[in-house]
Amino acid sequence: RSLTGSRLDIRSSIDVDHLEDVPPSLLLAAHRVVQEGLTNVLRHSTAHRAEVAVTVDPTVLGVVVHDPGPARADDTTVGGFGLAGVRERVALLGGEVRHGTDDAGGFTLRATIPLVRPT
């Protein structure tokens, strides 16, 4: 599926069978992770495709956005607060966000959010 008005082909794998059991606050956080990840692909990468995966297991909601890169050589975009905002939102739910480049020059944004908060 293509992102409307963009040059980006998105391949997705979403565990829709188990999303109904996920609280709305966690679904919103997952949405924001995907939104930020795809925005970063459009702004900072030469990739024409991105991969999005949303998984639900008994204890964790997982979200991964990956682009194969490489980064745009002409990227002069000043860093914003997107990744920091996503990290903060996920942390408030007891989760964590990791991101970085791989050896091939791609970039992956990964969030894990516990479905049950420790007491």
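A few remarks follow.
- Yes/no for THR112 being among the hydroxyl-bearing types (Ser, Thr, Tyr), at pLDDT 90 or above and open to solvent by less than 80 Å² (accessible area, probe 1.4 Å): yes
- In the range 16-37, residue nearest to THR112 (Cα to Cα) [restricted to those that are outside any helix (DSSP H, G or I) and open to solvent by 40 Å² or more (accessible area, probe 1.4 Å)]: PRO23
- Here LEU61, LEU42 are screened, and the one residue that is modelled with pLDDT under 90, touching a Leu at 6+ places or on another chain (Cβ under 8 Å) and aliphatic (A, V, I, L, M) is LEU42.
- Reported count of residues in the range 78-101, each being over 14 Å from ARG32 (Cα atoms), free of Cβ contacts under 8 Å to residues at least 24 places away in the same chain and surrounded by 12 or more Cβ atoms within 10 Å (Cβ to Cβ), is 2.
The values are calculated or read from the model by the stated rules, or taken from the named source; none is laboratory data. Note that this is a predicted model, so its numbers are computed, not measured. Quick reminder, even Gly has a Cβ in these numbers, built from the backbone with ideal geometry, and neighbours come from all protein chains shown. Heavy atoms of the whole protein, side chains included, go into the accessibility calculation; ligands, DNA and RNA do not. Shrake-Rupley method; radii C 1.70, N 1.55, O 1.52, S 1.80 Å.
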